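Presented below is the structure to which this report refers.
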Amino acid sequence: MLRPRGTKDSFARAAALVALLALLACASLVTSEARAKQKSKKGQAQPTTGRIEVSTNPGGYPITIDGNPAGETTDYVRAIELQPGTHTVEILFPNNTRWSQVFNILPGRKNCIALNYRPRTITVPEIPVSPCPYPVNVTAPSAVNDGDVITFAADVGYPGQSALNYTWTVSPPAARILSGAGTPTITVDSSGLNGRRVTAILVVDDGSGDRNCRQTAQAATGINALPQISTPKRFDEFPSVAFDDDKARLDQMAIELQNSPGSRGYIIAYAGRRSRPGEAERMGKRAIDYLTTTRGIGRDRLVFVNGGYREANSFELWLVPQGAEPPRPTPTLSPEQLRPATRRAHED
């Protein structure tokens, strides 16, 4: 609609600018907890349907799925179960503005849609001969879980008549575009990207060769790492015959601790059947002194445990990640079974 602004040569056109931001669209794998439960129950039926979860701000807009009415949107998440396969979801906004997307529904997975409808009226000058430059905006969820499918959606305000070219690149290289290459919306697989960020860069041009008609925008999504169960690792176990031999084994432990900044080293010393009283304590102190003084390992990263008694003097060396349960000693002899050597025999 045209509206006069005082003279024949000057006028403005009132236009409704509709900003549809696809804030979130993801397809979630069955959670690790759910998978564990499924594995633990023999014969339990696997999921046979998938779902979409839809919300708009504000709510109350009609939804159709494969051309069939499916009620209205709400400003909170509304779940709709669907049979596996390809389904077209369409949401009708005011002024016959439509949002449409094709989803491949898989059993046990969900696709999440969150849209904002923000109409506003602006006064713009007459369109110049060149429709460029023009605004381009890319939206994506701020974070998803590892294994979720990320949707990057472009909002392009191009006023010209030419067909636009959409060129997407994603990083890191392990991120993989699943669908939508060459279109305003792509989906990206986040599997295996624990704790990293996926960045999608979009280049849009109208083929005219005009630099102003080539626009770039990008968005990034963080990948939440899957929880990991920390367990202690027995790095080495050996009889203590000569301290020079012990030092070679302790050197290897020092290297492992330097390569694992979050881990602590546990040294479990066992006295032998014929060892002098206090032998395990002496072995542990000697090992700790060597690792801290010679190898430069912080004392706060080392733990000594008197393991009791075995047939001969021996060590166990453990690497314990942060949050893991510490190892337990495993003696093989009780104090009643000992036959301590006399000092004279020891000196001989």
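The values are calculated or read from the model by the stated rules, or taken from the named source; none is laboratory data. All of these numbers come straight from a predicted model, not from anything done at the bench. So basically every Cβ, Gly included, is an ideal-geometry build from the backbone, and we count neighbours across all protein chains shown. To get the accessible areas, we keep the full protein, side chains included, count just its heavy atoms, and leave off ligands, DNA and RNA. Shrake-Rupley method; radii C 1.70, N 1.55, O 1.52, S 1.80 Å.
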| said: If the requirement is being among the aliphatic types (A, V, I, L, M), open to solvent by less than 50 Å² (accessible area, probe 1.4 Å), within 29 Å of residue 266 (Cα to Cα) and over 36 Å from the mean Cα position of the chain (by Cα), which of these qualifies: 242, 248? | reply: 242
| What do you reckon, is residue 198 touching a helix residue (DSSP H, G or I) at 6+ places or on another chain (Cβ under 9 Å) and either within 22 Å of residue 115 (Cα to Cα) or β-branched (Val, Ile, Thr) (or both)? | no
| request: Go through segment 297-335 and count every residue that is out of contact with any helix residue (DSSP H, G or I) (no Cβ under 8 Å at 6 or more places or on another chain) and small (Gly, Ala, Ser). | output: 5
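Results for (1) within 30 Å of residue 154 (Cβ to Cβ); (2) of a type outside the set (Val, Ile, Thr); (3) at pLDDT 95 or above; (4) touching a strand residue (DSSP E or B) at 6+ places or on another chain (Cβ under 8 Å), shown as yes or no for each residue.
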site	(1), (2), (3), (4)
209	yes, yes, no, no
226	yes, yes, no, yes
231	no, no, no, no
244	no, yes, no, no
266	no, yes, yes, yes
289	no, yes, yes, no
| task | Please enumerate the residues belonging to segment 271-281 that are of a type in the set (D, E, K, R) and within 17 Å of residue 329 (Cα to Cα). | result | 273, 279, 281
| Among the residues of segment 174-183, is any in contact with a Lys or Arg (Cβ under 9 Å, 6 or more places away or on another chain) and of a type in the set (Val, Ile, Thr)? | no
| From the set of residues in segment 278-317 that are part of a helix (DSSP H, G or I) and acidic (Asp, Glu), which is surrounded by the most Cβ atoms within 10 Å (Cβ to Cβ)? | 279
| Meets criteria (under 23 Å from residue 114 (Cα atoms) and free of Cβ contacts under 8 Å to residues at least 24 places away in the same chain) for residue 174 | no
| Which of the residues spanning segment 66-125 are of a type in the set (S, T, N, Q) and within 19 Å of residue 150 (Cα to Cα)? | 86, 88, 100, 101, 104, 111, 116
| Which one of these does residue 163 not meet: (1) of a type in the set (A, V, I, L, M, F, W, C); (2) crowded, with 16+ Cβ neighbours inside 10 Å; (3) out of contact with any Ser or Thr (no Cβ under 8 Å at 6 or more places or on another chain)? | (2)
| request: Starting from residues that are in contact with a helix residue (DSSP H, G or I) (Cβ under 8 Å, 6 or more places away or on another chain) and assigned to a loop (DSSP other than H, G, I, E, B), keep the ones in segment 208-238 and report whichever is least open to solvent (accessible area, probe 1.4 Å). | output: 226
| note | Residues of segment 55-90 being open to solvent by 40 Å² or more (accessible area, probe 1.4 Å) and touching a residue at least 60 places away in the same chain (Cβ under 8 Å), in sequence order, are 57
| Can you tell me which residues in segment 180-193 are open to solvent by 60 Å² or more (accessible area, probe 1.4 Å) and touching a residue at least 24 places away in the same chain (Cβ under 8 Å)? | 192
| Residues that are of a type outside the set (A, V, I, L, M, F, W, C), in a loop (DSSP other than H, G, I, E, B) and closer than 30 Å to residue 125 by Cα, drawn from segment 144-191 | 157, 158, 159, 160, 161, 162, 183, 184
| In this structure, is residue 118 touching a Lys or Arg at 6+ places or on another chain (Cβ under 9 Å), of a type outside the set (A, V, I, L, M, F, W, C) and in contact (Cβ under 8 Å) with a residue 60 or more places away in the chain? | no
| field | Breaking point among (1) in contact with a strand residue (DSSP E or B) (Cβ under 7 Å, 6 or more places away or on another chain); (2) modelled with pLDDT of 90 or more; (3) open to solvent by 60 Å² or more (accessible area, probe 1.4 Å), for residue 123 | value | (2)
| field | Flag if residue 203 is modelled with pLDDT of 95 or more and farther than 28 Å from residue 129 by Cα | value | no
| remark: Checked pairs for segment 263-284, first in contact (Cβ under 8 Å) with a residue 12 or more places away in the chain and within 14 Å of residue 311 (Cβ to Cβ), second open to solvent by 40 Å² or more (accessible area, probe 1.4 Å) and in a helix (DSSP H, G or I), C-beta under 7 Å and 6 or more apart or across chains, list as 273/337
